[in-house]
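This report concerns only the one structure given below.
What follows draws every value from the coordinates through simple rules; no lab data is involved. Everything numeric here is computed off the predicted structure, so don't read it as measured data.
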Ligand code: GLU
């Protein structure tokens with residue numbers, strides 16, 4: 001099969017990956033490899049970096065049998081790329097400085113016709129002298145997109161069509177760091193990533209990202225947002241739920257292979273004991289649409305999963 005483009009997994013190195021992250025990574029790998037795509041890892045380290053965590057994340061993925069195409073890129077090494085995209089939007093009159101604090105944004109009433117929770121546009125139409133005053137008062141400015149839509153529709157391979165809010169999203173934060181939504185769009189296009197598989201908690205951000213891609217004349221990738229892993233209370237699995245990382249599972253006496261088998265069983269493939277077996281059997285259309293509920297304090301017995 002020829003390589004048509006790339007899929008990817010883009011973890012934030014803020015701690016060890018938990019079973020939900022590992023399952024999403026496995027799915028991203030499966031979607032990419034089963035469609036003849038390359039598979040890239042991108043370390044999203046513009047925020048919340050914990051020392052040593054990217055090395056551990058990569059080691060855990062490798063221990064589960066995932067392989068990827070080099071090089072691993074790090075967003076912190078790609079700042080000029082994001083600045084070029086910001087400059088392009090600015091040259092097109094598509095950006096403005098925003099001096100609002102988080103608290104001010106929370107307190108402001110959302111514009112009557114705007115999407116729920118959207119930025120109310122407080123700084124959108126400041127005059128140049130108002131901006132001067134705010135700058136002089138020492139308020140660090142974020143840079144926002146001047147959006148001309150309030151929503152945008154995307155197509156998701158698992159969820160179908162999804163229309164969601166687009167507001168004047170932040171492109172560069174007040175601390176000068178490019179915002180996630182901008183970086184992800186620029187990176188996916190720059191890395192020839194034409195397939196985005198990730199947790200469905202990011203579905204609401206996707207219309208913003210797809211719209212931003214159109215403004216930058218970049219192609220919109222195909223999307224597949226996969227269900228998250230839940231704890232027995234029905235909440236998104238988190239570190240505090242117990243033995244949720246590969247390291248934790250190994251401490252309980254499980255092997256990476258057993259963890260792999262449990263993940264594979266949760267996708268509907270209890271027989272697969274290796275990535276190549278799983279790849280041979282994988283059919284995206286047969287994926288469970290329900291979240292995987294996991295008791296992290298029990299053993300990962302494949303028989304416990306549908
Ligand atoms: N870095 C993001 C996260 O770990 C994922 C971004 C993405 O897949 O687009 O939540």
Task: Whether the range 32-76 is rounded, prolate or oblate, judged on the alpha carbon gyration tensor where a/c under 1.5 counts as rounded - done: oblate
TODO: Counting helices only, and only those DSSP H runs with n ≥ 4, report the 222 nm mean residue ellipticity of the chain as the sum of -39,500 (n - 2.57) divided by its residues, in deg cm²/dmol to the nearest 500.
DONE: -9500 deg cm²/dmol
- [ ] Compute the acute angle (0 to 90°) between the alpha-carbon long axis of helix 180-190 and the principal axis of greatest extent of the alpha-carbon atoms of the chain; round to the nearest 10°.
- [x] 70 degrees
Task: the range 46-199 shape via C-alpha gyration tensor axes, a/c threshold 1.5 - done: prolate
Task: Value of Rg/Rh across the range 201-306 [Cα atoms, Kirkwood radius] - done: 1.06
Open item on the list: Nearest 10 degrees is fine. How inclined is helix 19-34 to the longest principal axis of the chain, computing both from alpha carbons?
Closed with: 90 degrees
Task: Radius of gyration, Dmax [the range 182-248; alpha carbons; angstrom] - done: 15.4, 45
Task: Principal semi-axes in Å for the range 1-82 [√(5λ), Cα gyration tensor, largest first] - done: 21, 17, 9
Open item on the list: Nearest 10 degrees is fine. How inclined is helix 79-91 to the longest principal axis of the chain, computing both from alpha carbons?
Closed with: 40 degrees
- [ ] Rounded to the nearest Å, what's the spacing between the alpha carbon centres of the range 190-212 and the range 23-73? Just the number, please.
- [x] 16 Å
Task: For the range 134-265, convex hull volume per residue from C-alpha positions, Å³ - done: 184 Å³
Task: Hull volume in cubic angstrom per residue (convex hull over the Cα atoms of the chain) - done: 146 Å³
